[in-house]
Structure formats: structure tokens, C-alpha cells
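Colleague: Let me give you the structure first, and then I'll get to my questions.
The values are calculated or read from the model by the stated rules, or taken from the named source; none is laboratory data. Not measured: the values here are computed from a predicted model. Every residue, glycine among them, receives a Cβ derived from its backbone with ideal geometry; neighbour counts consider all protein chains shown.
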Amino acid sequence: MPYYTMPDRENLFVRRVGRGEPVLVLSGLGMQSWQWLPFIYANRKDYEFIIPDWRGFGGSKNCAIPEQDAISSHWQDIAHLIEQLKLDNFILMGYSMGATTAMHGMKHAHLAQQLKAYLHIDQTPKISVDSTWEYGLFGSHHTQFKQLLNDIYQLLSKHKNAKYLYELSLPDRQELVRLWVDFINLQSSNPFSPLVFKTALKQPFLQKYLLPIQRLDYLFWYVENYLYHNEDYREAIQQLECPTTFFIGRNSTLYPETGQTLIAQSVEHAKAIYFERSGHTPLLTEPKKFGHEITTFLSELKHAS
């Protein structure tokens with residue numbers, strides 16, 4: 001069955017592909033479960049990949065927004081799914097926000113003890129930057145990032161009852177798009193062409209395609225999460241005892257490679273795989289290597305058992 005009922009009675013869409021040993025796959029923000037298919041297809045005869053769509057995306061796009069923050073809510077959904085499927089001693093793959101959700105389960109629950117192996121894909125164990133950790137989200141540009149995020153948050157907070165971009169006034173709609181383009185440019189080495197931005201401002205039907213989430217209430221929920229998320233998962237992930245692999249983009253502007261490497265080196269049974277031509281999205285920039293390394297990760301586990 002593709003839908004699983006969560007504690008608040010909402011139905012979460014979960015894609016299940018293949019047969020064999022279970023592998024739970026937790027996606028990044030903005031992803032849908034089908035986007036994993038090219039990278040797991042070769043392993044479908046030996047493994048069953050269990051891939052939920054997060055609330056607000058794909059088959060779960062109409063789920064209600066919980067009262068708690070996004071990461072806590074996601075972990076609650078995943079914990080309930082693990083319980084329903086009776087998963088234990090299973091393989092987990094977490095990418096970006098999915099990895100944060102996994103680390104939340106390691107810190108606040110007993111996820112670490114349930115894992116046979118863990119694949120951690122381009123994520124920091126601490127999003128915020130302070131005197132103890134300089135490798136949070138956007139690293140040295142963290143202050144600039146927080147200011148942009150706060151500007152988006154303040155604009156959206158004036159329209160909490162709006163669900164879609166077209167419900168905003170033209171000036172607010174244009175300002176939201178402008179702020180989001182600035183946010184994208186902060187993380188990209190290939191900024192949006194001014195022509196693209198100007199065209200989007202003149203053509204309202206194009207504006208929504210620049211946003212990662214079509215529903216503004218969900219966008220507000222996720223922006224609020226990243227603005228105020230102050231969890232530190234360093235100690236939790238360092239206590240992992242299962243075989244662990246880190247996929248790290250050498251050119252990741254979101255999560256500096258240095259910080260990710262430090263964490264990988266601090267985990268006893270871990271190794272790091274580097275994507276030399278990639279930033280935060282190796283599945284897009286080096287898709288062949290990404291798929292190959294997932295197969296290698298699973299093959300090494302099979303040979304070790």
C-alpha cells in the first residue's frame with residue numbers, strides 16, 4: 001500500500017521499489033521519491049527501497065502541516081513508519097534534510113541502535129554557526145544567509161492565510177521572488193541571468209516556478225525551520241557503531257567540505273567518498289558516480305555479512 005497513516009491521521013505517501021533487504025531512503029528538501037529511481041534501479045533485485053515523500057511534496061503534498069517544527073515532525077513520521085513496517089537492523093540512506101532527520105532520530109530516539117548501516121549524503125550535523133562550529137549552513141556566509149531567510153520569513157508571516165503565490169499583491173509577489181533569487185544566487189556559482197529574473201517579474205505565471213514549493217504555507221514552515229533550527233547532532237552521529245559512509249561534495253557551498261570531513265573522521269567505522277566536481281547535489285552533477293557509489297555501498301555490506 002503506497003499510503004501510511006501518521007499519528008495525526010494524515011496519509012504519507014511511501015514509494016516501495018524492489019524486493020529483498022529493506023533500505024529506508026530519506027530525501028532532501030524539495031525532492032520527490034521518484035527521483036531516486038535511476039540510482040537504485042540496479043539494486044532492485046536484492047533490496048527493497050522504502051522512500052517516503054515528505055509532507056508538502058509528491059504524493060504527500062496535501063498532508064496537513066503539523067504544529068511542531070519540520071525536522072521534529074519528519075522524524076515523528078519516520079519513527080511511525082519504522083514501527084508500522086517493523087524495521088530493525090536495516091540500512092538507512094539520508095540526503096541533506098533527510099540526513100538531518102536521521103540525526104534527529106539518533107539524538108532523540110534509538111535510531112542508531114536500529115541501523116545495520118548508514119549512508120550520509122552532504123549534510124552538516126549543526127546547521128547554525130557559532131564559536132564551536134564554523135561549518136554550518138553556508139559556512140562563512142551564514143550571517144548573510146540568515147538575513148535573507150529572515151526577510152523571506154517576515155514577508156511570508158504577513159500572509160499566513162495565503163496558500164499560493166497568486167494570492168499575494170503584485171509588489172509582495174515580486175519581492176518574494178527577488179529574495180528567493182538572491183538566496184539561490186548565494187549558493188550557486190552560476191547566478192540566475194538578470195534576463196531570467198526580469199522575465200519572471202514581467203510574467204507572473206513564471207514566478208511560481210522559481211520557488212521550491214508551490215504552497216506558501218509549506219514554504220513558510222520550512223523557512224521557519226531553517227531559520228530557528230539550533231540542534232547540534234555532532235555527539236549523536238559520533239556514537240554510531242554501524243558501518244557508515246559519507247558522500248561529500250568537494251565544492252559544497254551549503255555545507256563546507258571541511259566540516260563534513262571532520263565529522264566523517266570522528267565516526268569510528270566510517271569512510272568518506274568525495275565528489276570532486278560536485279557541490280550539494282552530486283546526484284545531478286555526477287549522476288553516474290552517484291549511482292555507482294550507492295551500488296558499492298550496498299555491495300560492500302553484502303560481502304561483509
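Colleague: Output the residue which, of all residues in the range 282-300 that are in contact with a strand residue (DSSP E or B) (Cβ under 7 Å, 6 or more places away or on another chain) and touching a residue at least 60 places away in the same chain (Cβ under 8 Å), is surrounded by the most Cβ atoms within 10 Å (Cβ to Cβ).
Modeller: The residue in question is P282.
Colleague: Looking only at the range 87-105, how many residues end up being closer than 15 Å to E235 by Cα and surrounded by fewer than 24 Cβ atoms within 10 Å (Cβ to Cβ)?
Modeller: Residues that pass the stated criteria total 1.
So that you can scan it fast, the table gives a plain yes or no per residue for (1) in a strand (DSSP E or B); (2) within 18 Å of the chain's Cα centre (by Cα); (3) touching a residue at least 24 places away in the same chain (Cβ under 8 Å):
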| position | (1), (2), (3) |
| --- | --- |
| M31 | no, yes, yes |
| I51 | yes, yes, yes |
| I65 | no, yes, yes |
| W75 | no, yes, yes |
| A79 | no, yes, yes |
| D88 | no, no, yes |
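Colleague: Any residue that is among the β-branched types (V, I, T), modelled with pLDDT under 95 and assigned to a helix (DSSP H, G or I) - is there at least one of those in the range 130-148?
Modeller: yes
Colleague: What pairs come up if the first residue lies in the range 130-142 and is within 17 Å of Y233 (Cα to Cα), the second is assigned to a loop (DSSP other than H, G, I, E, B) and of a type in the set (A, V, I, L, M), and their beta carbons are under 7 Å apart, counting only those six or more places apart or on different chains?
Modeller: Cβ pairs passing all conditions: G136/I127; G136/V129; L137/I127; L137/L254.
Colleague: Out of T124, T143, I need the residue that is of a type outside the set (D, E, K, R) and within 26 Å of I78 (Cβ to Cβ). Which one?
Modeller: Result: T124 is the single residue among T124, T143 that is of a type outside the set (D, E, K, R) and within 26 Å of I78 (Cβ to Cβ).
Per-residue answers, yes or no, for (1) surrounded by 14 or more Cβ atoms within 10 Å (Cβ to Cβ); (2) touching a residue at least 40 places away in the same chain (Cβ under 8 Å):
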{"site": "H229", "(1), (2)": "yes, yes"}
{"site": "Y233", "(1), (2)": "yes, yes"}
{"site": "Q238", "(1), (2)": "yes, no"}
{"site": "P243", "(1), (2)": "yes, yes"}
{"site": "L262", "(1), (2)": "yes, yes"}
{"site": "A270", "(1), (2)": "yes, no"}
{"site": "H280", "(1), (2)": "yes, yes"}
{"site": "K302", "(1), (2)": "no, yes"}
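Colleague: What are the pairs, 6+ residues apart or on separate chains, where a residue within the range 164-177 that is at pLDDT below 85 has its Cβ under 6 Å from a residue that is basic (K, R)?
Modeller: Every condition considered, the pairs that remain are L165/R173; L165/K208.
Colleague: Going through the range 11-24 one residue at a time, which ones are β-branched (V, I, T) and surrounded by 23 or more Cβ atoms within 10 Å (Cβ to Cβ)? Steps first, please.
Modeller: If we filter the range 11-24 for residues that are β-branched (V, I, T), which is where we start, we get 14, 17, 23.
Across the range 11-24, the qualifying residue is only V23.
Colleague: While we're on this one: Condition test on L216, is it of a type outside the set (D, E) and modelled with pLDDT of 80 or more?
Modeller: Yes, satisfied.
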